[in-house]
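**Student:** Got a structure for you, questions after.
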Amino acid sequence: MTQITDHLAKTERRVASSLTHAGRASDAVTIVAVSKQHSAEAIAEAYAAGQRHFGENYLQEALPKMDRLAGLDIVWHFIGRIQSNKTRPIAERFDWVHTIDRERIAHRLDAQRPADAAPLDVLIEVNLAGEAQKAGIAANDVAALADAIAALPRLRLRGLMTMPPAASSPAESRLQFDALRELAAELRPRHPTIDTLSMGMSNDFEIAIECGATMVRIGTAIFGPRG
Ligand SMILES: *Cc1c(COP(=O)(O)O)cnc(C)c1O
């Protein structure tokens, strides 16, 4: 058994036990294996162990790996910052985008999503801590962006994503995860396609699962430390 196989199995067990602990269904969470700064070989190893969802942050790094792995049945998630002049490869190559935080990006992805592909599954990234430097839209502006996205035929609004500041205590992270769940619940009557909460990383996914996460984005715990 390789180290990645072993770490993946351990991560799956931790996810399963968090779900049990929270009284949630055993299939309620999808693990997105965050493979940034890890090789195509590392991805192939996790794939061989059954992992199908992978997340990448940087296009320049992701595209060659996606080319190498083109034969595999991988669901690709874009989880990095989106530059507006680089939306086309995201619209063409990815299945999910977790980091939409402005209307301009949503319009470009909609226009560039190929007609023969399924609509692009998208999440709105919410900046709940109000950190000035950080990506993500303020909670107060989410409803308007959700309406704008719902009007775009080539995008499918699936939910919300957040990432607490790196220095957050477990208690602070929990407040933000609870807030994201409540925000999604407020949007759902108007946007019934919302079924996804992307929250939780290697250091806080157990808390996120208790708070209702349906996707956890896990890098280090599966692939080890990044360069
Ligand atoms: C890198 C990254 C992750 C994974 O972080 P780990 O701490 O390695 O699990 C998750 N989400 C986003 C948006 C990231 O950039």
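The values are calculated or read from the model by the stated rules, or taken from the named source; none is laboratory data. Predicted model, so just to flag it, every value in this text is computed and none were measured. As a convention, Cβ positions derive from the backbone with ideal geometry for all residues, glycine included, and neighbour counts pool all protein chains shown. With ligands, DNA and RNA removed, areas are computed over all heavy atoms of the protein, side chains included. Shrake-Rupley method; radii C 1.70, N 1.55, O 1.52, S 1.80 Å.
**Student:** Report, by residue number, each residue of segment 206-221 that is near the ligand (Cβ under 8 Å from one of its atoms) and open to solvent by less than 30 Å² (accessible area, probe 1.4 Å).
**Tutor:** Those that are near the ligand (Cβ under 8 Å from one of its atoms) and open to solvent by less than 30 Å² (accessible area, probe 1.4 Å): 217, 218, 219, 221.
**Student:** Among residues belonging to segment 13-33 that are open to solvent by 80 Å² or more (accessible area, probe 1.4 Å) and without any contact (Cβ under 8 Å) to a residue 24 or more places away in the chain, point out the one that is farthest from the chain's Cα centre (by Cα).
**Tutor:** Among those residues, the one meeting the criterion is 20.
**Student:** Can we say residue 198 is of a type in the set (Ser, Thr, Tyr), open to solvent by less than 20 Å² (accessible area, probe 1.4 Å), out of contact with any Pro (no Cβ under 9 Å at 6 or more places or on another chain) and within 16 Å of the ligand (Cβ to nearest atom)?
**Tutor:** Yes, satisfied.
**Student:** Residues in segment 126-137 that are in contact (Cβ under 8 Å) with a residue 12 or more places away in the chain and assigned to a loop (DSSP other than H, G, I, E, B): how many?
**Tutor:** In the first step, residues of segment 126-137 are kept if they are in contact (Cβ under 8 Å) with a residue 12 or more places away in the chain; the result is 126-129, 131, 134-137.
Okay, now just the ones that are also assigned to a loop (DSSP other than H, G, I, E, B), so 127-129, 131, 134-136.
Count: 7.
**Student:** If we scan segment 24-31, do we find a residue that is small (Gly, Ala, Ser) and in contact with a strand residue (DSSP E or B) (Cβ under 8 Å, 6 or more places away or on another chain)?
**Tutor:** no
**Student:** Working only within segment 34-57, note down all residues that are within 15 Å of the ligand (Cβ to nearest atom) and open to solvent by less than 20 Å² (accessible area, probe 1.4 Å).
**Tutor:** 34, 35, 42, 43, 46, 51, 54, 55, 56
**Student:** Given the condition open to solvent by 20 Å² or more (accessible area, probe 1.4 Å) and within 16 Å of the ligand (Cβ to nearest atom), answer yes or no: does some residue in segment 110-126 qualify?
**Tutor:** No, the conditions are met nowhere in segment 110-126.
**Student:** Give me the pairs, please: first residue somewhere in segment 58-74 and open to solvent by less than 80 Å² (accessible area, probe 1.4 Å), second residue anywhere and among the polar types (S, T, N, Q), beta-carbon distance under 8 Å, and either six or more positions apart or on two chains.
**Tutor:** Correct list of pairs: 61/37; 65/35; 65/39.
**Student:** Can you tell me which of (1) hydrophobic (A, V, I, L, M, F, W, C); (2) touching a residue at least 24 places away in the same chain (Cβ under 8 Å); (3) part of a helix (DSSP H, G or I) is the one residue 123 doesn't meet?
**Tutor:** In the conditions (1) hydrophobic (A, V, I, L, M, F, W, C); (2) touching a residue at least 24 places away in the same chain (Cβ under 8 Å); (3) part of a helix (DSSP H, G or I), residue 123 misses (3) alone.
**Student:** Only one of these is β-branched (Val, Ile, Thr), at pLDDT 95 or above and in contact with a strand residue (DSSP E or B) (Cβ under 6 Å, 6 or more places away or on another chain): 162, 220. Name it.
**Tutor:** After applying the criteria, what remains is 162.
**Student:** Still on this structure, I have one more. Output the qualifying pairs, or none if there are none: Cβ atoms under 6 angstrom, residues six or more apart or on different chains, first residue in segment 160-177 and touching a residue at least 24 places away in the same chain (Cβ under 8 Å) and over 20 Å from residue 141 (Cβ atoms), second residue of a type outside the set (D, E, K, R) and part of a loop (DSSP other than H, G, I, E, B).
**Tutor:** Pairs found: 173/164.
**Student:** Oh, and also: Looking at segment 163-177, is at least one residue assigned to a loop (DSSP other than H, G, I, E, B), within 12 Å of the ligand (Cβ to nearest atom) and surrounded by fewer than 15 Cβ atoms within 10 Å (Cβ to Cβ)?
**Tutor:** Yes.
**Student:** Considering only segment 127-138, I want to know if a residue exists there that is open to solvent by 40 Å² or more (accessible area, probe 1.4 Å) and in contact with a helix residue (DSSP H, G or I) (Cβ under 8 Å, 6 or more places away or on another chain).
**Tutor:** Yes, the conditions are met somewhere in segment 127-138.
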